[in-house]
Amino acid sequence: MYLVMGQDIGHDLFTLLYDVARLMRVEADKRARVDGMTRAQWALLIRLSRSPGLSQKEVADLLEVEPITIARLADRLERNGMIERRPDAHDRRIWRLHLRPAAAPVLQRINIQLAEMAALMGRFVPAETQAVMVDGLLRMKANLLNNAEGAPADAAVMREIA
């Protein structure tokens with residue numbers, strides 16, 4: 001047990017969430033390097049597979065990085081033939097990012113790696129416990145999103161995520 005100001009930080013929710021998220025990032029980094037990629041490249045490919053045609057700015061906002069970071073990631077993935085930039089139909093200053101066929105096998109490997117990570121993390125955690133954890137995290141996410149918008153989570157939001 002680790003005590004900080006009288007609180008057991010070994011079982012503190014914030015500390016545990018932070019530690020698990022950090023360990024997930026470390027594991028993802030390790031797995032991405034096997035394919036000569038980075039976790040950031042993985043994230044960009046995953047986002048584009050789910051939402052084709054995002055602008056570099058939109059992806060930057062989703063991944064919480066600066067647009068220049070996405071530009072550099074896109075440069076690298078474009079050179080490797082995995083994505084392409086297309087001009088926006090309404091604003092010539094905006095580039096839309098799209099996957100190319102070469103990204104498909106890479107995304108398959110990424111999905112395998114993500115499934116293996118989920119299995120590793122969930123080992124020895126009963127399915128019922130995982131379901132309760134997911135429900136709790138969804139509720140926490142709704143609370144934080146609603147707070148960011150200036151309103152507390154209400155019963156309608158809670159029903160929506162349930």
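A short reminder: the numbers here are calculations on the coordinates, not readings from a lab. Fair warning: this is a prediction, and the values are worked out from it, not measured in the lab. Methodologically, a virtual Cβ is constructed for each residue, glycine included, from the backbone with ideal geometry; neighbour enumeration extends over all protein chains shown.
Subtract the Cα-Cα distance of residue 109 and residue 149 from 0.36 nm times their separation in residues, and report this length gain in nm to one decimal.
Values: separation 40, 0.36 × 40 = 14.40 nm, distance 3.69 nm.
Contour length minus Cα-Cα distance gives 10.7 nm.
Using Cα pairs closer than 8 Å and at least 6 residues apart in sequence, work out the relative contact order for the stretch 19-99, in percent. Spell out each step's value before the answer.
Numbers: 76 pairs, mean separation 21.6, N = 81.
That works out to 27 percent.
Using only Cα atoms, figure out Rg for the stretch 69-155 and give it as a multiple of 2.2 N^0.38 Å. Intermediate results must be reported in sequence, preceding the final value.
On the way: Rg = 19.6 Å, N = 87, 2.2 N^0.38 = 12.0 Å.
For the stretch 69-155, the normalised Cα radius of gyration comes out at 1.63.
Expressed as a rounded percentage, what relative contact order does the chain have, with Cα pairs under 8 Å and six or more residues apart?
Numbers: 118 pairs, mean separation 22.9, N = 162.
Once divided by the residue count of the chain, the mean separation gives 14 percent.
Work out how much length residue 46 to residue 139 would gain on full extension: take 0.36 nm times their residue separation and subtract the Cα-Cα distance, in nm to one decimal. Numbers along the way, then the final one.
Details: separation 93, 0.36 × 93 = 33.48 nm, distance 2.41 nm.
The residue 46-residue 139 span can extend by a further 31.1 nm.
Based on DSSP H runs of at least 4 residues, each adding -39500 (n - 2.57), what is the mean residue ellipticity at 222 nm of the chain after dividing by all its residues, to the nearest 500 deg cm²/dmol? Provide the component values of the computation, followed by the final result.
Working: 7 runs with 104 residues, N = 162.
Dividing the helical sum by the residues of the chain leaves -21000 deg cm²/dmol.
When the chain is fully extended, how far beyond the present Cα-Cα distance does residue 92 get from residue 34, taking 0.36 nm per residue of separation?
Values: separation 58, 0.36 × 58 = 20.88 nm, distance 3.73 nm.
The residue 92-residue 34 span can extend by a further 17.2 nm.
Give me the tail of P(r) for the chain as a percent: Cα-Cα pairs with distance above 25 Å. Numbers along the way, then the final one.
Working: 6395 of 13041 pairs.
Here the tail beyond 25 Å accounts for 49 percent of pairs.
So how do 22, 123, 139 line up by other beta-carbon neighbours within 10 Å, fewest first?
Details: 22 10, 123 7, 139 15.
Least to most surrounded, the residues fall as 123, 22, 139.
Could you work out the longest stretch of the chain that avoids the GluC sites (Glu not before Pro) located in DSSP loops with at most 14 other Cβ atoms within 10 Å?
Numbers: sites that count: 64, 149.
No qualifying site falls inside 65-148, the longest such stretch.
Describe numerically, in nm with one decimal, the distance between label points set 7 Å from Cα along Cα→Cβ at residue 19 and at residue 78.
Result: 4.3 nm between the two label points.
Of 26, 67, 108, which is farthest along the charge dipole of the stretch 11-109 in the positive direction, counting Lys and Arg as +1 and Asp and Glu as -1 at C-beta?
Positive-end residue among those listed: 108.
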